[in-house]
Amino acid sequence: GTATYTAGDNIAITQNGAEVQIATSATPNFTSVTTGDTVMNNNGLTIAGGPSVTITGIDANNTVITNVAPGVAPTDAVNVDQLNDTVAANRTKYYSVNSAGGGNEDNLGATGADAIASGKNATAAGTSAVAIGLGATAANANSVALGSGSVTAAAV
């Protein structure tokens, strides 16, 4: 009898006389490929118990990402070297606050325009007001309160 061979999507069949060659296509197309714990499909690349790169994002699975080049564009990631350099270059100089916490955290004490409040519970509500010290309050424009608990409503 006669045998008929039909090539599939990823199989190439060639015949030269009585010789038939069956080979994998040079450009195979698969819906999914699994190699051990690694799966690659239309959703992306996943490694069981490891990182994944999918259409929904990148999950490093709590592993360290190494050899990251320094970011250049606004949407690039930064590496630890860049972060440390930026922190070192932007340290506050000639100013120090030692507080056990409380009010005036996160720049909440200086509410007046161009005002300065330094110290736990220090408030500078007036324009260009300055309050320095624990609980110091400078309420009016251009007022200055220096020292713990000092309150001034008078302008300088």
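Any read-out appearing in this document is the output of simple, stated calculations on the displayed coordinates, not a laboratory observation. Keep in mind that this is a model prediction, so the values were computed, not measured. For neighbour counting, all protein chains shown are included, and Cβ atoms are generated from backbone atoms with ideal geometry for every residue, glycine included.
Rounded to two decimals, what is the ratio between the C-alpha radius of gyration of the range 10-76 and 2.2 N^0.38 Å?
1.80
Taking the Cα centre of each part, how many Å lie between the range 22-54 and the range 112-156?
Their Cα centres are 65 Å away from one another.
From the list [x] 11, 41, 37, 10, 1; [y] 11, 40, 35, 13, 1; [z] 9, 18, 13, 13, 13, 10, 7, 6, 5, 4, 1, 0, can you say which value of P(r) over Cα pairs in 10 Å bins from 0, in percent was derived from the structure given?
[z]
Length gain on complete extension for the stretch Ala48 to Thr92, per 0.36 nm per residue less the alpha carbon to alpha carbon distance?
Values: separation 44, 0.36 × 44 = 15.84 nm, distance 4.56 nm.
Gain in length upon complete extension: 11.3 nm.
Work out the FRET efficiency for Asn10 and Val78 from their Cβ-Cβ distance, taking R0 = 41 Å, and round it to the nearest 0.05.
With a Förster radius of 41 Å, E is 0.45.
Compute the helix-to-body angle for 80-89: its Cα long axis versus the longest principal axis of the chain, expressed 0 to 90° and rounded to tens.
Value to nearest ten degrees: 20.
Can you run the Rg to Rh ratio on the range 102-156? Use alpha carbon positions and the Kirkwood inverse-distance Rh.
0.92
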